[in-house]
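Chemist: One structure coming up, written as structure tokens, with questions to follow.
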Amino acid sequence: MKIGDKVRFLSATGGGIVSGFQGKDIVLVQDEDGFDIPTPINEVVVIDTDDYNIAKVHTEAVPGLKKKNNIPDDDEDYDPADRPITFVAPPTERKGGDKVSAYVVFVPINEKEISTTNFEMYLINDCNYYLHYNLLFAQDGSWKAEHSGDIEPNTKLFIKEFGRADLNDIEHMAVQMLAYKTDKPFMLKPAIDARLHIDTVKFYKLHTFVENDFFEQNALVYPVIENDVIKGAVMADPNAIRKELFNKVREDKTPARKPGAEKHNDNGPEVMDLHASEVLETTAGMSAGDILNYQLDLFKKKLEEYKNKHGKTIVFIHGKGEGVLRKAITDELRKHRNEYSFQDASFKEYGYGATQVKIK
């Protein structure tokens with residue numbers, strides 16, 4: 001309310017023009033005869049008409065209001081600029097973004113401590129469509145819904161943080177999506193129903209986390225769909241998928257060992273390649289920890305086999321990688337210094353990822 005505003009009285013007929021104020025509680029209302037009438041400020045209301053011969057205004061029926069714009073009685077210093085901003089700008093669309101692309105991304109929290117760090121999981125919407133999504137993980141022969149909702153166009157959404165103990169729980173993942181727009185016509189897209197196999201061994205290898213378009217730090221990126229083409233396996237037959245995921249592993253829990261992992265040489269050192277791809281036919285259903293334990297078990301059995309062949313040399317090829325297997329092997333050898341000596345094997349013959357052990 002300001003000088004010059006047209007007002008009318010709430011408790012009486014009549015009104016006038018605001019000519020001044022006496023303190024913050026009294027307003028001077030100049031009537032048509034030119035007299036200033038002191039009136040409590042909460043007894044007048046601003047109007048938009050010159051017809052003053054109107055009884056009480058309709059706002060009287062609304063408790064707690066004294067003037068236009070629903071300004072509360074107890075806020076004399078109310079400023080319209082203080083009103084909360086409720087306007088939300090529509091999502092920005094980009095050129096070439098009308099083909100659906102979405103990704104599941106894993107980011108290490110501490111890349112320098114890759115063998116112990118936790119990870120963050122994100123869902124990336126890299127298109128101009130909203131995506132209504134449902135994320136599921138295999139559990140006890142069926143699927144469990146982990147997270148669902150809507151993700152705006154061209155945004156990334158944090159799903160959860162997890163540690164290495166949880167890797168087994170995310171190995172088999174299903175992603176279901178529907179693409180839509182809210183404020184304009186759009187091309188109808190087929191429903192997305194895809195399955196991802198998350199290779200948990202990669203979480204132990206620093207080089208699998210690479211530069212990407214979504215994060216400043218390196219990340220492990222799994223495409224769900226790119227440019228309208230589904231990258232994960234399409235979930236066409238749920239029964240077949242269930243059999244593939246679970247029954248095959250349960251039928252034979254003993255990992256199949258590949259032939260040729262060992263090289264026998266009567267005149268030279270015994271060579272044993274401990275790479276998972278060499279000692280296992282498949283790693284399906286095995287966690288990274290399961291694979292490491294299996295490799296260590298083979299290593300110990302080979303040492304036990306040759307423990308009485310004094311002077312015999314065995315070369316274990318474990319690969320450079322992140323050094324997880326190499327460290328586990330050297331830790332085991334240090335416990336038996338009286339039985340074995342060890343050193344790095346010749347890099348010319350075996351590369352940089354091999355350890356030579358000699359039976360004392």
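The values are calculated or read from the model by the stated rules, or taken from the named source; none is laboratory data. Note that the structure is predicted; figures quoted are calculated from it, not measured. Heavy atoms of the whole protein, side chains included, go into the accessibility calculation; ligands, DNA and RNA do not. Shrake-Rupley method; radii C 1.70, N 1.55, O 1.52, S 1.80 Å.
Chemist: Suppose accessible area is computed on protein heavy atoms with a 1.4 Å probe; arrange 275, 310 from highest to lowest.
Modeler: So the residues, ranked largest to smallest area, are 310, 275.
Chemist: Could you tell me, in Å, what Rg and Dmax come out for the Cα atoms of region 136-204?
Modeler: So, for region 136-204, Rg and Dmax equal 15.0, 46 Å respectively.
Chemist: What pairs from 231/320; 202/301; 99/189; 335/358; 160/231 go past 20 Å between their alpha carbons?
Modeler: Values: 231/320 30 Å; 202/301 26 Å; 99/189 9 Å; 335/358 15 Å; 160/231 23 Å.
Violating the 20 Å Cα-Cα cut-off are 231/320; 202/301; 160/231.
Chemist: Between Rg and the Kirkwood Rh of region 273-360, both from Cα atoms, what is the Rg to Rh ratio? Numbers along the way, then the final one.
Modeler: Values: Rg = 13.0 Å, Rh = 13.5 Å.
Radius of gyration over Kirkwood radius for region 273-360 works out to 0.96.
Chemist: Here is a further query. Could you please put 120, 171 in sequence from largest to smallest accessible area, using a 1.4 Å probe?
Modeler: Working: 120 50, 171 10 Å².
Ranked list, largest accessible area first: 120, 171.
Chemist: Protein chains only, probe 1.4 Å: how do 347, 162 rank by accessible area, largest first? Let's see the in-between values first.
Modeler: Numbers: 347 110, 162 5 Å².
Reading off the accessible areas and sorting them downward yields 347, 162.
Chemist: Sticking with this structure for a sec: Shape of region 90-154 from its Cα gyration tensor (a ≥ b ≥ c, root eigenvalues): rounded if a/c is under 1.5, otherwise prolate when a/b > b/c, or oblate?
Modeler: On the way: a/c = 3.02, a/b = 1.36, b/c = 2.22.
Here region 90-154 falls in the oblate category.
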